[in-house]
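Each value in this text was obtained by applying a stated rule to the coordinates, not by laboratory testing. Source: prediction; values computed, not measured. Reconstructed Cβ throughout: ideal geometry from the backbone, glycine too, with neighbour counts over all protein chains shown.
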Protein chains: 2
Amino acid sequence: MPLAEAITTQRAIRRVKPDPVDDELILELIELALKGPTAQNEQGWEFVIVKDPDVKRKFGQLNRFMWRLYRRIAAHKARDNPAEQRMNRAVQWGVDHFEEIPVYVVCCFRGNRLGFPPVVAASTYGSIFPAVQNLLLAARAVGLGANINTMPLWSNFAARRILGLPFGLTPCVMIPLGWPIGRYGPTTRRPVREVTSLDRYGNRIDGEAT
Amino acid sequence: MPLAEAITTQRAIRRVKPDPVDDELILELIELALKGPTAQNEQGWEFVIVKDPDVKRKFGQLNRFMWRLYRRIAAHKARDNPAEQRMNRAVQWGVDHFEEIPVYVVCCFRGNRLGFPPVVAASTYGSIFPAVQNLLLAARAVGLGANINTMPLWSNFAARRILGLPFGLTPCVMIPLGWPIGRYGPTTRRPVREVTSLDRYGNRIDGEAT
């Protein structure tokens with residue numbers, strides 16, 4: 001699949017079938033994820049593929065706990081926004097069917113830092129999210145549904161214990177993977193000139209860019 | 001360009017020519033960046049294209065200041081590692097030629113949080129780095145050199161002042177763009193099975209995955 005097509009048609013797919021996904025395919029996706037850049041080329045990442053029903057159940061409980069707290073806020077925020085309401089319904093579906101989703105990939109980074117300055121945070125997260133995005137694009141290219149989920153990892157302590165992660169590794173996102181019930185397709189975004197400035201914030205570029 | 005080719009041949013290109021890069025092309029790259037996912041689809045991003053020599057000079061100074069502090073540590077870390085020494089030489093080149101690089105794109109996220117818990121940090125950075133990775137892949141596909149640079153932004157305070165950014169926006173990465181002097185090409189990474197576990201950390205998947 002051409003890059004531009006993969007990028008423009010990638011979207012969060014939350015509803016997926018329970019049908020199994022081949023391990024080799026998952027490894028191929030992670031292999032493409034690994035091509036993402038890391039600060040100093042340190043490659044301080046670890047990926048945990050989760051298929052064990054017991055592990056899923058534990059994360060499903062964490063996820064439900066957080067969603068119960070957050071659901072009302074999300075509903076309130078979306079009260080005048082049908083697109084957001086649709087998104088919340090899809091999130092609800094993912095919460096309800098957490099254990100039926102065939103595979104999760106937990107992406108972890110080496111390090112365990114709280115309260116660090118933004119530039120360090122940017123290097124840290126900037127060394128895992130390019131890999132995450134590669135994984136999402138690669139999933140899209142083979143037709144697998146995927147999205148970024150951080151909610152089941154809200155308690156780093158619990159997540160570390162469930163996965164047996166050492167203290168020096170921080171679980172960052174938990175990506176559900178499965179064959180989609182919905183479809184991939186174009187996303188809507190604010191136009192590029194509305195969010196882009198030249199040299200100084202607010203200096204928008206008009207149609208006749210210099 | 002096929003997605004897999006873009007992903008596997010993307011690498012940090014630090015040495016680029018001073019030749020100008022068309023504004024429309026940069027906007028096209030940012031447009032593809034905007035296709036990246038954001039938490040709650042909030043799209044709380046802002047991009048500042050930097051071409052003004054005066055703005056570049058200010059960031060170049062910040063960058064040199066930090067590199068002078070960090071250079072010895074970097075050299076020490078790389079003392080037995082020729083690949084890392086090559087990387088450091090490329091970083092040095094970028095520091096020395098900072099003002100000659102034709103364009104920078106500063107990617108900012110809405111929010112200004114220090115010391116937040118990892119799950120919030122992951123949502124925040126996870127809402128800008130997928131866009132950053134899309135931009136890097138799109139740059140690779142059109143043959144433009146690019147890499148992730150956080151160093152010139154080490155002082156968020158100074159960076160905000162230079163770009164006139166409101167306090168509610170945090171500059172996150174500064175991506176140099178230009179026509180490469182070097183070449184794109186395959187990267188080397190640790191093998192996928194060395195960094196991937198099944199269900200529990202350390203439970204490596206052997207050649208005959210189940």
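Under the classification rounded if a/c is under 1.5, otherwise prolate if a/b is larger than b/c and oblate if not, where does the range B:30-81 fall, given a ≥ b ≥ c as square roots of the Cα gyration tensor eigenvalues?
oblate
I need the inter-copy label distances for B:GLY182: point set 7 Å along Cα to C-beta, values in nm with one decimal, smallest first.
In nanometres, ordered from closest: 3.9.
Amide H neighbours of A:VAL173 under 5 Å, counting only residues 5+ apart in sequence or on other chains, H built in-plane at 1.01 Å?
A:CYS107
From the Cα gyration tensor of the range B:72-133, with a ≥ b ≥ c the square roots of its eigenvalues, which class applies: rounded if a/c is under 1.5, or else prolate if a/b is larger than b/c, or else oblate?
Judged from the Cα gyration tensor, the range B:72-133 comes out oblate (a/c at least 1.5, b/c at or above a/b).
Search the structure for amide H atoms under 5 Å from the amide H of A:THR196, placed 1.01 Å from N in the peptide plane, and list their residues when 5 or more places away or on another chain.
Long-range HN contacts for A:THR196: B:PHE47.
Given only helices, namely DSSP H runs of n ≥ 4 each adding -39500 (n - 2.57), what is the per-residue ellipticity at 222 nm of the protein assembly as shown, to the nearest 500 deg cm²/dmol?
Taken over the protein assembly as shown, the calculation gives -13000 deg cm²/dmol.
In nm to one decimal, list the spacings between the B:GLU24 label point and its equivalents in the other copies, with label points set 7 Å along Cα to Cβ, shortest first.
Once sorted, the set of distances for B:GLU24 reads 4.6 nm.
Cross-chain or 8 or more residues apart, Cα under 27 Å: how many lysine pairs in the protein assembly as shown fit that? Count them up, please.
Close lysine pairs found across the protein assembly as shown: 13.
Restricting attention to the range A:1-82, which trypsin sites (Lys or Arg not before Pro) occupy a DSSP loop and are surrounded by at most 10 other Cβ atoms within 10 Å?
A:ARG79
Are there trypsin sites (Lys or Arg not before Pro) in the range B:107-210 that DSSP puts in a loop and that have at most 16 other Cβ atoms within 10 Å, and which ones?
B:ARG113, B:ARG183, B:ARG200
Mind telling me which of B:ASP199, B:ASP96, B:ASP23 comes out most flexible in a GNM of chain B, alpha-carbon contacts under 10 Å?
B:ASP199
Give the separation of the Cα centroids, the range A:48-93 to the range B:4-27, in Å.
Spelled out, the Cα-based centre of one part sits 38 Å from the other.
Let me know the charge dipole size of the range A:39-177 about its Cα centre in debye, to the nearest 20, where only the beta-carbon of Lys, Arg (+1) and Asp, Glu (-1) is charged.
Charge dipole, the range A:39-177, about its Cα centre: 420 debye, nearest 20.
From the label point of A:PHE167, set 7 Å along Cα to the beta carbon, how far off in nm is each other copy's matching point, shortest first?
List, nearest first: 3.6 nm.
Sticking with the crude label model, points 7 Å out along Cα→Cβ, report the distance from B:ARG161 to A:ILE181 in nm, one decimal please.
Between B:ARG161 and A:ILE181, the label points sit 5.5 nm apart.
Please say if the range B:21-121 is rounded, prolate or oblate, where rounded means a/c under 1.5 for a ≥ b ≥ c the square roots of the C-alpha gyration tensor eigenvalues, and otherwise the choice is prolate for a/b larger than b/c and oblate otherwise?
oblate
Taking the beta-carbon count within 10 Å as an exposure proxy, list A:ASP22, A:ASP52 from fewest neighbours to most.
Going from sparsest to densest Cβ surroundings: A:ASP22, A:ASP52.
Report the semi-axes of the equivalent ellipsoid for chain A in whole Å, largest first, where each axis is √(5λ) for an eigenvalue λ of the Cα gyration tensor.
28, 23, 20
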